[in-house]
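The values are calculated or read from the model by the stated rules, or taken from the named source; none is laboratory data. What you are looking at is a predicted structure, and each value in this text was computed from that prediction instead of being measured. Neighbour counts are summed over all protein chains in view; Cβ atoms, including those assigned to glycine, are modelled from backbone coordinates with ideal geometry. To get the accessible areas, we keep the full protein, side chains included, count just its heavy atoms, and leave off ligands, DNA and RNA. Shrake-Rupley method; radii C 1.70, N 1.55, O 1.52, S 1.80 Å.
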Amino acid sequence: MRNFDLLEPKTVTEACRMLDDGEDVRPVSGGTALLILVKQGLLRPRTLVNLKKLEGANAITRDEAGAVRIEAMATIHQVETSPVVREHLPVLAAACHQVANIRIRHLATIGGNLAHGDHQSDPPGVLVALDAEVELSGTRGTRAMKLADFLLGTYETALEPGEMVTAVTVPPVRGRLVSDYLKFTTGSSEERPCAGITALVRLEGDRPVEARLAVGAVAARPLLLCETDPTEGALPRMAERASEEIDPIPDLRGSAEYKRHLVRVLGRRALAAAWKEACP
Amino acid sequence: MRHLITATVNGRERELSVKSSQTLLDVLRDDLRLKGTHEGCSVGVCGSCTVLVDGKPVSSCLMLASNAEGRDVLTIESLARDGNLDPVQQAFLDRQAFQCGFCTPGMIMAVKGLLNENPKPDEAEVRDYLSGNICRCGTYVEVMAAIEDLTAKPQ
Ligand SMILES: Cc1cc2nc3c(=O)[nH]c(=O)nc-3n(C[C@H](O)[C@H](O)[C@H](O)COP(=O)(O)OP(=O)(O)OC[C@H]3O[C@@H](n4cnc5c(N)ncnc54)[C@H](O)[C@@H]3O)c2cc1C
Ligand code: FES
Ligand code: FES
């Protein structure tokens, strides 16, 4: 692989100072996206800042109010197997289980996944459906923003130079969430998603008060549709609307028309599955 | 830039001086001359470079060598002891679960990872876990048979 220098900070403050040093300095976490770009000659960084050795940067916790906080360096496998995530955000565990293959999930981090900004990913759509926020740290301090605002487009995020993602948080859920994640690939089973569909039904008592449909991997950014006081009959219309509103990126995995069709069919299926479980 | 790290490789503690841009695979093959770990795709897809780090399978082609600091690395060379094959190796041999053998070290290390995590996986779990290990000779049926032999035996 092309040469670069690897700096190895122990604290976030130190890392941010190292990152704030010009154009060809970049953070590296799992390296599963970045090292491929370096190997292919698409990136030629002079210096990489290794975030893997930051202390305590991979915890997954839930506070008293019910907010779940995942530190950026948690691997996709840690997210998928975390008892907190499995119990409280099973749809995120399910989506993470479907990322890549077991070897990559042991290396890849959730922070790297979101910061990479590749639209053909599983976690971003699910996390947008869950109203997740990212925490960004830089030399000028820490800020938080909605993941939906952080993801600007393919390989484009709101990260400023010298900034890094330090955590992703999911706010407390009011009532009970029933959810379904459907991943569709056109190649082998562990391929990047052609479409990743999240359906959520939120219940207060036994009453469905909100339905959500998030479409990931199809367009440059995830699309989120929400409907309050949903009825079963309104769900197909939601999937229909998603397929009309989405702006698919045509590629090897399918044409825009094909992807629109997928969104309609899978959207309907995911919503129906969540509804059936929510209101049996 | 170089980094001085300490890692356990196949049971032996090693002090290694690794380059910033070296992957674990580079260090295993080029510096430690452990040629059993193969480089197929170099981009995380094929699984022929699979080794265990702290008991878990990773693509050594995408792991920076410096991150092996303090970790326990196992390659295919660690399995046979005193001329006796590991049960997974023996099962692969019994079932002829390879042809050219290029994918085999990675396939066997992935199976070791699976059985570490889950000694009694069902067929769906095996398929899911190994879905990222690719065999161009198409020995999947024999690999499944070898694993069935291993998991059917009382342990
Ligand atoms: C074979 C293969 C199959 C895959 N299949 C899937 C799939 O099915 N679904 C899916 O969702 N993804 C898939 N991926 C992508 C994978 O999920 C990402 O490569 C991974 O999540 C990136 O995380 P990382 O820690 O390895 O990031 P890195 O490679 O370390 O970094 C990625 C980018 O983010 C930056 N960065 C890293 N960490 C931070 C941080 N904390 N703050 C700011 N910037 C940061 C880096 O500078 C770089 O630009 C696949 C990858 C491979 C190799
Ligand atoms: S060589 Fe590492 S996965 Fe193919
Ligand atoms: S035995 Fe030839 S690639 Fe698997």
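Find the relative contact order for segment A:60-170 and round it to a whole percent, using C-alpha pairs within less than 8 Å whose residues are 6+ positions apart.
For segment A:60-170, the relative contact order is 28 percent.
So what is the calculated 222 nm ellipticity per residue for the protein assembly as shown, using -39500 (n - 2.57) for each DSSP H run with n of 4 or more, over all residues, to the nearest 500 deg cm²/dmol?
Helices in the protein assembly as shown give a 222 nm mean residue ellipticity of -8500 deg cm²/dmol.
Expressed in nm², what is the orientationally averaged projection area of the convex hull enclosing the Cα positions of segment B:51-92?
Mean shadow area of the hull around the Cα atoms is 3.6 nm².
Taking 1 over the mean of 1/r across every pair of different Cα atoms in segment A:176-278, what Kirkwood radius in Å do you get?
13.6
Taking each residue in A:34-47, count the Cβ atoms of any other chain within 10 Å of its Cβ, then average. What number comes out?
Mean number of neighbouring Cβ atoms from other chains: 2.
Check A:T185: other-chain or 5+ apart residues with amide H under 5 Å from its amide H, H built from backbone geometry?
Correct list: A:C194.
How many percent of Cα pairs in chain A exceed 30 Å?
Here the tail beyond 30 Å accounts for 29 percent of pairs.
Over the heavy atoms of A:I70, what accessible area does a 1.4 Å probe trace out, to the nearest 10 Å²?
0
From zero up to wherever the largest Cα-Cα distance of segment A:60-170 sits, split into 10 Å bins and tell me the percent of pairs in each.
Spelled out per bin, shortest first, that is 15, 51, 29, 4.
According to the Cα gyration tensor, what semi-axes, each the square root of 5 times an eigenvalue, does the equivalent ellipsoid of segment B:23-155 have, listed from largest to smallest in whole Å?
They are 23, 16, 15 Å, listed largest first.
If one takes the longest principal axis of the Cα atoms in chain B, at what angle in degrees, from 0 to 90 and to the nearest 10, does the Cα axis of helix B:104-117 lie?
Helix B:104-117 sits at roughly 80 degrees to that axis.
Which value, in debye to the nearest 20, describes the size of the charge dipole of chain B about its Cα centre when Lys and Arg Cβ atoms bear +1, Asp and Glu Cβ atoms bear -1, and nothing else is charged?
Taking the Cα centre of chain B as origin, the dipole is about 360 debye.
Over the whole of B:54-62, what's the average partner chain Cβ count within 10 Å per residue? Rounded to a whole number, please.
6
At 1.4 Å probe size, what's the solvent-accessible area of B:H3? Round to the nearest 10 Å².
20
Which of A:L42, A:T231, A:A74 sits farthest toward the positive end of the charge dipole of chain A, with +1 on the Cβ of Lys and Arg and -1 on the Cβ of Asp and Glu?
Most positive-ward Cα: A:L42.
Size of segment A:194-244 along its principal axes in angstrom, Cα-based, largest extent first?
Sorted from largest, the Cα extents of segment A:194-244 read 36, 17, 14 Å.
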